[in-house]
Amino acid sequence: MITIATDFGTPYPAAMKGVLLQRTDARLVDVAHDFPRQDVRAAAFWLREVLPYFPPATHLVVVDPGVGTDRDTLVLRADEHVLVGPDNGVLVPPARRLAGTTELEAYGIDERAVSHDGRSGPASNTFHGRDVFAPAAAAVHGTSRDSLESVAALEATTSYVDLELPSAAVESDESRAAGDVLAIDDFGNVVTNVPGDFLEGRSRLVANGEVVPVGETFASVSIGTRLATVGSHGYVELDVNQGRGDDAFGLDTGDRVILEGDEREE
Amino acid sequence: MITIATDFGTPYPAAMKGVLLQRTDARLVDVAHDFPRQDVRAAAFWLREVLPYFPPATHLVVVDPGVGTDRDTLVLRADEHVLVGPDNGVLVPPARRLAGTTELEAYGIDERAVSHDGRSGPASNTFHGRDVFAPAAAAVHGTSRDSLESVAALEATTSYVDLELPSAAVESDESRAAGDVLAIDDFGNVVTNVPGDFLEGRSRLVANGEVVPVGETFASVSIGTRLATVGSHGYVELDVNQGRGDDAFGLDTGDRVILEGDEREE
Amino acid sequence: MITIATDFGTPYPAAMKGVLLQRTDARLVDVAHDFPRQDVRAAAFWLREVLPYFPPATHLVVVDPGVGTDRDTLVLRADEHVLVGPDNGVLVPPARRLAGTTELEAYGIDERAVSHDGRSGPASNTFHGRDVFAPAAAAVHGTSRDSLESVAALEATTSYVDLELPSAAVESDESRAAGDVLAIDDFGNVVTNVPGDFLEGRSRLVANGEVVPVGETFASVSIGTRLATVGSHGYVELDVNQGRGDDAFGLDTGDRVILEGDEREE
């Protein structure tokens, strides 16, 4: 199984699928092709949250603002999963989550040994998803995850671009949390990095200066009303029941969020 | 085969696919993930029109404004098809169409027996597509459709939320039809619930007070011109050749449509 | 393997997949369903660029402004590939590219022999993707590509609608190229039909009167800056690093592009 995630829209991912299907008969599963453009951090967040639901697979990821530069190709083995993509940090947060307590293994790859077969000319400088990463994913896919080192084109490395998603700072008495908007989902829900525990025992909080009710479900408030809830990722989300939280709270990816809690009511 | 239909956009459906692929090796087919948000009726319409083209399959449907409330999970057996989703009516119109003259069988499901494996924490209150419905679909998928009752987690029921899509009222002399806009498709075609027969033998009609030519094909009028035609669902559609009918007629899903016919010309 | 490309959005392609899966167990791969609406030329361009990356397959294409008219169904055999769709030219540029030096074979098809099984009424006048082209693709898919003539519904023809994508006129001293915008991709990159060679040995050029730097990669200019580069199709593209070239250059599909080169610096 090879999953594919990009910020490409269409039809570029189809060319990548063609390349993969020339070389493997793997099942292909789309994760998303509309990640925010060239936003390495947003893609890393979504992949960290979604990929753990998959069985062992090769995960091909292309969000790559540095395409065509000397930015390397990276292969990460995380427990029974393998991730392939640009060495710009995007693979690291999902790989850490997938690895759990096991050690992450990193490999560089000899691009010329796996890449584009020249069918339509030399590898491009603008579409490494098709010309470099898809061939690389096909090359590692056929291999047992236990023996990645047997892939001639791979070479173990300890040097790669790291990326850590920001953590929220929660005061020790849990009266206040200073966090960030990690992502806005397609419903407009504002996903923060404040752990969901912050809402425990609270019926309301102050988010960036405004009082907001806390609810266990969207339907705990009336339609069109704002709420704070624990989202499906385990973090505090700022949402609107059947509406857009990003519009209602005026928040976008990367913005700061200050949550202040009333005293616990427990 | 498991089909998947949601109003989720991306990448949430990918998490559902991961859950399914952890538990089955079924072929997965996307129906749509951009149904109008939380619009149970629109989803029910589209599924009623699209699912009958599929061979026997499990159909996983999540359009679920009541996620996290005590709204139940419903499993409907309709002839050789099985539908799984929230008990809010969305499954009923497609299931009735699929069942044809056979009897619909309904089951409740013990969510704890099939649900989320705890891999990433307890089931969420906001993403039952991943944590409840996908596991439920995987549980019924492996089973022969003749023996759903052998699935331990299922219990036959006769009580579920019904939903009937509105019908148009056509006067007995067929001079007038009062109907509703069931859906707008991605081309902007306005799909009504007035049976296509209403156009038979007519070269024009009056739609909400305006005279519109009747055509058998889009190309029967010039580009940019409005027409009424029999759409691919068998209903009267109000369209524009190579343009958007919803804009031209000022109509949206749920709006009333009054069609008045000239005398038959046959 | 059957690839599917349309301008349908959702959920109409799902109905086509249902029809295909009733009749074959082929692997289905989406190429795109958001091609510019009813734009035969744009679809032909993208398919010409993307389909050559696929292994031998049946390619089902529906961009069909003439749906329901007496426009025929066309089947083209191009080397080991077979293309199925409306006879309006859309299949021809990709088929020529796939055929390479081999000869293109064209067939008409008896629509009644392969079409819609009447499950939900007669074939529609507005959705031939579901009622005619998908059944036709399923009919040819099962067949060896060497023996298309054995498909009873097919009849060899030499008469079909041709389509040639426009070529750029490059002056013999390569000081000037007069071309066209073939497509805008989802990033906003402006894909012209001027061969990439035009940029060789140049560090800047004049595009429609404005001086633009030439770069080998997007990252060769600072973020938000315009550049001309050789895109992944081998043509000159007018782009913005991490921005939209179409907006910055004020260009859309079909527009004229005049490129004037400084003297070669080699």
TODO: Could you point to the residue in A:GLY250, A:VAL40, A:ALA177 farthest towards the positive end of chain A's charge dipole, with +1 and -1 charges on the Cβ of Lys/Arg and Asp/Glu respectively?
DONE: A:VAL40
Task: Accessible area in the full protein assembly, largest first, 1.4 Å probe, for C:ASP64, A:ASP197 - done: A:ASP197, C:ASP64
TODO: Kindly give the distances from C:GLY224 to its copy-mates, label point to label point, with each label point 7 Å from Cα along Cα→Cβ, as nm values to one decimal ordered shortest first.
DONE: 3.8, 3.8
Task: Interface residues in the stretch B:42-61 - accessible area drops by 10 Å² or more relative to the isolated chain, probe 1.4 Å - done: B:TRP46, B:VAL50, B:PRO52, B:TYR53, B:PHE54, B:PRO55
Open item on the list: Kirkwood Rh and Cα-based Rg: tell me the resulting Rg over Rh for the stretch B:124-266, rounded to two decimals.
Closed with: 1.18
TODO: For A:SER150, go 7 angstrom from Cα along the Cα-to-Cβ vector, then report the distances to that same point in the other copies in nm, smallest first.
DONE: 4.0, 4.0
Task: Unit charges on C-beta of K, R, D, E only; dipole of the stretch A:134-230, Debye - done: 360 debye
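What does the charge count near C:ILE109 come to, summing +1 for each Lys or Arg and -1 for each Asp or Glu among other residues with Cβ under 11 Å from its Cβ?
Result for the local shell: -4.
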Open item on the list: Show me the ranking of peptides B:95-108, C:177-190 by mean Cβ neighbours inside 10 Å, starting with the highest.
Closed with: C:177-190, B:95-108
Task: Selection from C:VAL92, C:PRO56, C:ASN189 lying farthest towards where the dipole of chain C points positive, charges on Cβ - done: C:PRO56
Open item on the list: Please report, for B:THR24, the nm distances (one decimal) from its label point, 7 Å out from Cα along the beta-carbon direction, to the equivalent points in the remaining copies, shortest first.
Closed with: 2.4, 2.4
TODO: Take the Cα pairs of the stretch A:2-157, get the Kirkwood Rh, then feed it into Stokes-Einstein at 25 °C and 0.890 mPa s and tell me D in µm²/s.
DONE: 162 µm²/s
Task: Nearest-20 debye value, the stretch A:1-143 charge dipole, Cβ charges on Lys, Arg, Asp, Glu - done: 220 debye
Task: Exposure of A:GLU200 as accessible area (Å², to 10), given a probe of 1.4 Å and all protein chains - done: 120 Å²
Task: Two-decimal ratio, the protein assembly as shown, of alpha-carbon radius of gyration to 2.2 N^0.38 Å - done: 0.98
Task: Per-selection Rg to Rh, chain B - Cα, Kirkwood hydrodynamic radius - done: 1.05
Open item on the list: Rounded to the nearest 20 debye, what is the charge dipole size of the stretch A:53-134 about its Cα centre when +1 sits on each Lys and Arg Cβ and -1 on each Asp and Glu Cβ?
Closed with: 220 debye
- [ ] Give the distance, in whole Å, between the Cα centre of the stretch C:17-51 and the Cα centre of the stretch A:197-245.
- [x] 42 Å
TODO: Using only the alpha-carbon atoms of the stretch A:1-68, report the extent along each of the three principal axes, biggest first, to the nearest angstrom.
DONE: 31, 28, 19
- [ ] Let me have the 222 nm mean residue ellipticity of chain B computed from DSSP H runs of 4+ only, each contributing -39500 (n - 2.57), with the sum over all residues rounded to the nearest 500.
- [x] -5000 deg cm²/dmol
Task: In nm, spacing of pseudo-spin labels at C:GLU260 and C:ALA156 (7 Å Cα→C-beta vector) - done: 5.3 nm
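The values are calculated or read from the model by the stated rules, or taken from the named source; none is laboratory data. Model, not experiment: these values are computed from the prediction. Because the Cβ atoms are built from the backbone with ideal geometry, glycine has one as well, and the counts that use them run over all protein chains shown. Heads up: the accessible areas ignore ligands, DNA and RNA and are worked out on the full protein's heavy atoms, side chains in. Shrake-Rupley method; radii C 1.70, N 1.55, O 1.52, S 1.80 Å.
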